[in-house]
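The structure appears right after this line, and notes come after that.
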Amino acid sequence: MKFKVRGIDTFASTGGRPFDKNKPLIIFVHGSGLSHMVWVLQTRYFAFRGYSVLAVDLPGHGLSSGESLKTIEEMGDWVGDVIGAVGCKEASLVGHSQGCLVTMECVAQHPEKIKTLTLMGGASAIPMNPELLKLAEESNPKAVDLMMDFAHGPAGHFGGHPVPGLYHLNVGSMIVQNKEIKDTLGVDFRACDNYKNGPEIAKKLDLPTLSILGAQDRMCRLKDGKILADYIKGSEVKIIEDCGHMMLLEEADQTLEILKKFIAKNYPLIN
Amino acid sequence: MDPKTYKFDTLSLHAGYQPSKNAGSRQVPIYQTTSYMFDDVDHAAALFNLERGGHIYSRMSNPTVQVLEERVCALEGGTAALATASGMSAIFLTIMTLCNAGDHMVVSSQLYGGTVNLFRLTLPKFGIKTTFVKPRDTEGFKKAIQPNTKGIFGELVGNPGNELMNMPEVSNIAKEAGIPLIIDSTYQTPYLCRPFEHGADLVVHSLTKWMSGNGSSMAGILVEGGTFDWMQNDKFPTMTEPYEGYHGLSFAEEFGPTAFTMMARAEGMRDMGPCLAPQNAWNILHGLETLSLRMEKHCSNALKMVEYLSNHESVAWVSHASAPGHPDKELAEKILPKGTGSMIAFGIKGGKEAGAAFINNVKLASHLANVGDARTLVIHPASATHSQMDEATLKFAGLSHDMIRLSVGLEDFEDIVNDFEDGFRAAKKPRLVANK
């Protein structure tokens, strides 16, 4: 659906159900250069099980208007504003990759609004390879190819998408290339590279938190994901074997099952 | 720093398959089953509602067929693919997903005869009309577009006359009109051309041909490039508006670069059901493993054959984009740098009677209605593949009664030539009799 956040047209997938502000809200936040489309194998499930779902397109991404926000802090604040913009008071957040930094920032800036936090393929800092960053800021398509290479685990490079007929690497690539690379991926990579608040914010988080990590993640390595989880008081950690950074697609079923259990326990539907 | 994603030959052997998820089986297993067990009621509901990936019923998807779909998709550089029972069913499924009654297509006139008949005779029964345009008439494609036109369709190298459509320029015309360009790339395979790199939005194949190479199995496929923005205008409401068949799902919104394939599977396979048998998918996968090796030999044999035929006293003309003086030679060198394929059309002196004598007297070359087999194939299109067309349609499609269609195989070149010499000798005899 389309709605206004700070006066700008914003798009979020509602998982195929009409949005209902009276149902518990889960907001999904995508990674660098991507859009709501990466979440389709998680969002539709919750949307048809009593939750209201918003898989947002960050400003300038996917179907949202405006320019990309330049810092993780701005993005975190913006996600907090989304909650009020749709008439809700609180939400659970699910972030992937850069979306983990964004959702942590959101909790730090809007602690009263956030009930649970799920971090997929996260780390407390995501410093960028300088060559990759330069390529993205120059809108060089090679940046996307490198990103798809790094983002998928060894098994993911062979394919085997959970949805019959889809080919992982090219799906991600086309989502990124839907926009001018420097305006989305370039800005996002720079924002990740500049962001240094992760460890301090993570240590202050005080809400039910789940970290889902890929054992073969080369974008945010397993050890970095574990360090982040260790910073967060009481964080649950689930590791998916033989999986890279794109667990939400590479191992969509396992990811959904883990998320289902966490949400059911910590953000249940009220009968 | 370069990406270490797998390249073409590796993908043709490995894409879409993980042995670790299949009991360690190195070869792709044949899942000869109709249906798949659900974990519980919630799992079943989620699968039926496209909330999670997986298999329900082999009319919709099958694990063996899935490997083939991903493999071809990877080779084409696409985002999603859907395999079907034949190339014709892939085209039909594509058009039925794209169009509604009252819609219109702009289509190249030089196509396989069955495809011509689909657009000319069958689709009008469903209220879908077509304007045919000669493949070299690039401006004609633009002029033929109407407000209700939903796409442009063509074979890059037309069957059987070997005229090329200027895919990059026709793609620009399609983009200006906000409609997709659909290319039947059967003749090329992704080894010779990846149409998405030249502006195509959807690609269809008959996998029965070179992709398989072994002449054992029928199969087709639709591949999506992920390049077309279905939401750019209001021409494609079935893609962009809530779809009643899946509780108000908007395919374009939810699935973006894979929306067309998701719709074709969810609606088309559900309601029409032209599914591919897993055994056939497995046979095609075997062929794909050697695609590069076979295409190289097909093309090198074809080049020698063009030279041989061009210099033969019994041959009136030769059409192959590599032939000297072919009107599309420059375009072919640009978009088919690895070779222009192994289909040759030639005119035999003596017309229809000579053609029949030639075909009846070759022994190595097989006279049959197929192309792209590992073996050399010949046919007289006007009396076979295109025989259901009237004279005017034959002429518009660029067919003549002296035309022989040749699909050059992988045999030793000298053996093919010796066989053809027998055919040409026999072809001279009807004329000698006539001259008396």
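Every residue, every condition in (1) crowded, with 20+ Cβ neighbours inside 10 Å; (2) within 12 Å of chain A (Cβ to nearest Cβ), yes or no:
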residue: B:H247; (1), (2): no, yes
residue: B:E253; (1), (2): yes, yes
residue: B:T261; (1), (2): yes, yes
residue: B:I284; (1), (2): yes, no
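Name the pairs whose Cβ atoms lie under 6 Å apart, with the first residue in region B:5-21 and surrounded by fewer than 17 Cβ atoms within 10 Å (Cβ to Cβ), the second at pLDDT 95 or above and among the aliphatic types (A, V, I, L, M), and 6 or more positions between them or separate chains?
none
Which one of B:R52, B:R26 is at the interface with chain A (Cβ under 8 Å from one of its Cβ atoms), surrounded by fewer than 24 Cβ atoms within 10 Å (Cβ to Cβ), more than 20 Å from B:G273 (Cβ to Cβ) and of a type outside the set (S, T, Y)?
B:R52
Those residues that are assigned to a loop (DSSP other than H, G, I, E, B) and not aliphatic (A, V, I, L, M), I need them from region B:295-328; list them, please.
B:N311, B:H312, B:E313, B:S314, B:H320, B:S322, B:P324, B:G325, B:H326, B:P327, B:D328
Tell me the strands (runs of 3 or more DSSP E) entirely within region A:1-59 that contain at least 3 residues that are buried (at least 24 other Cβ atoms within 10 Å of the Cβ).
Ranges flagged: A:8-13, A:25-29, A:52-56.
Quick check on my filter: what residues within region B:397-422 are within 21 Å of the chain's Cα centre (by Cα) and either surrounded by fewer than 23 Cβ atoms within 10 Å (Cβ to Cβ) or aliphatic (A, V, I, L, M) (or both)?
Those that are within 21 Å of the chain's Cα centre (by Cα) and either surrounded by fewer than 23 Cβ atoms within 10 Å (Cβ to Cβ) or aliphatic (A, V, I, L, M) (or both): B:A397, B:G398, B:L399, B:I404, B:L406, B:V408, B:L410.
So which pairs qualify, if the first residue must be in region B:222-241 and more than 13 Å from every other protein chain (Cβ to nearest Cβ) and farther than 21 Å from B:A101 by Cα, the second must be surrounded by 16 or more Cβ atoms within 10 Å (Cβ to Cβ) and at pLDDT below 95, the Cβ gap must be under 9 Å, and the two must be at least 6 apart or on different chains?
If the second residue must be surrounded by 16 or more Cβ atoms within 10 Å (Cβ to Cβ) and at pLDDT below 95, no pairs are left.
Just to be sure, is A:V82 away from chain B (no Cβ under 14 Å), over 25 Å from A:M247 (Cα atoms) and among the aliphatic types (A, V, I, L, M)?
Here the answer is yes, as A:V82 does meet what is asked.
Please tell me if B:L331 is in contact with a strand residue (DSSP E or B) (Cβ under 8 Å, 6 or more places away or on another chain), surrounded by fewer than 23 Cβ atoms within 10 Å (Cβ to Cβ), assigned to a helix (DSSP H, G or I) and of a type in the set (A, V, I, L, M).
In short, yes.
Within region A:113-139, track down each residue that is surrounded by 17 or more Cβ atoms within 10 Å (Cβ to Cβ) and within 14 Å of chain B (Cβ to nearest Cβ).
Across region A:113-139, the qualifying residues are A:M128, A:L132, A:L133, A:L135, A:A136.
Scan region A:30-85 for residues that are within 26 Å of A:L135 (Cα to Cα), more than 14 Å from the chain's Cα centre (by Cα) and of a type in the set (V, I, T) and jot them down.
A:T71
Looking only at region A:165-195, how many residues end up being within 14 Å of another protein chain (Cβ to nearest Cβ), surrounded by fewer than 24 Cβ atoms within 10 Å (Cβ to Cβ) and hydroxyl-bearing (S, T, Y)?
Qualifying residue count for the region: 1.
Kindly list the number of the only condition in (1) more than 30 Å from B:T290 (Cβ to Cβ); (2) buried (at least 16 other Cβ atoms within 10 Å of the Cβ) that fails for B:D42.
(2)
State the number of residues belonging to region B:93-132 that are among the charged types (D, E, K, R) and part of a strand (DSSP E or B).
Number of matching residues: 1.
Got a number for residues in region B:140-189 being surrounded by fewer than 23 Cβ atoms within 10 Å (Cβ to Cβ) and either at pLDDT below 95 or not assigned by TED's automatic domain parsing to the domain that holds B:V72 (or both)?
1
Would you confirm, using the coordinates I've provided, whether A:T103 is closer than 29 Å to A:E241 by Cβ, polar (S, T, N, Q) and more than 14 Å from chain B (Cβ to nearest Cβ)?
Yes; evaluated as a whole, the condition is true for this residue.
State whether the residues of region B:1-11 include one that is within 21 Å of the chain's Cα centre (by Cα) and at the interface with another protein chain (Cβ under 10 Å from one of its Cβ atoms).
Among the residues of region B:1-11, at least one is within 21 Å of the chain's Cα centre (by Cα) and at the interface with another protein chain (Cβ under 10 Å from one of its Cβ atoms), which makes the answer yes.
Do we have any residue at all in region B:65-81 that's free of Cβ contacts under 8 Å to residues at least 60 places away in the same chain and either more than 30 Å from A:E251 (Cβ to Cβ) or outside any loop (DSSP other than H, G, I, E, B) (or both)?
Yes, the conditions are met somewhere in region B:65-81.
Specify which of the listed residues (B:T79, B:T122) is among the hydroxyl-bearing types (S, T, Y), in the same structural domain as B:A259 (by TED's automatic domain parsing) and surrounded by fewer than 22 Cβ atoms within 10 Å (Cβ to Cβ).
B:T122
Condition test on A:G50, is it within 22 Å of A:Y267 (Cβ to Cβ), within 13 Å of another protein chain (Cβ to nearest Cβ) and modelled with pLDDT under 95?
No; evaluated as a whole, the condition is false for this residue.
The values are calculated or read from the model by the stated rules, or taken from the named source; none is laboratory data. All values derive from a computational prediction rather than experimental measurement. Ideal geometry is used to build each Cβ from the backbone, glycine not excepted, and the neighbour counts take in all protein chains shown.
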